[in-house]
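Structure first, commentary second.
The values are calculated or read from the model by the stated rules, or taken from the named source; none is laboratory data. Quantities reported herein were computed from a predicted structural model and do not represent experimental measurements. Counting neighbours? That spans all protein chains shown, and the Cβs are built from the backbone with ideal geometry, glycine included. Quick note on the areas: whole protein, heavy atoms, side chains included, nothing else; ligands and nucleic acids left out. Shrake-Rupley method; radii C 1.70, N 1.55, O 1.52, S 1.80 Å.
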Amino acid sequence: MLILTRKIGEGVVLNENITIRVIEISKGVVKLGFDAPKDMLILREELEKAIKEANIEASKNTSHDALASLSFKLK
């Protein structure tokens, strides 16, 4: 893990097309700004985790018969 110290207004560039900038620091909370291509998905960590868990749960609840039936209909 890379750990950096940044002040308000300073940023970090990733992959030449993503900039993460410190916007505000107040009461132990840091506000970040992200400048990235519009087609790039940016999620808070807890949302990404919730989506992964929901996808895993949904895959467990999907019956193979339903998938086979759908596959047959799509052919």
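Couple of notes before you dig in:
- The C-beta contact set for region 33-58 (first residue free of Cβ contacts under 8 Å to residues at least 60 places away in the same chain, second residue of a type in the set (Val, Ile, Thr), distance under 6 angstrom, 6+ apart or interchain) comprises GLY33/ILE23; PHE34/ILE20; PHE34/ILE42; ASP35/THR19; ALA36/ILE18.
- Tally of residues being under 19 Å from LYS38 (Cα atoms), open to solvent by 40 Å² or more (accessible area, probe 1.4 Å) and in contact (Cβ under 8 Å) with a residue 12 or more places away in the chain across region 6-24: 3
- Scanning region 37-75 for residues that are open to solvent by less than 100 Å² (accessible area, probe 1.4 Å), among the charged types (D, E, K, R) and either closer than 30 Å to VAL13 by Cβ or at pLDDT below 75 (or both) yields a total of 1.
- ILE25 assigned to a loop (DSSP other than H, G, I, E, B) and of a type in the set (A, V, I, L, M, F, W, C): no
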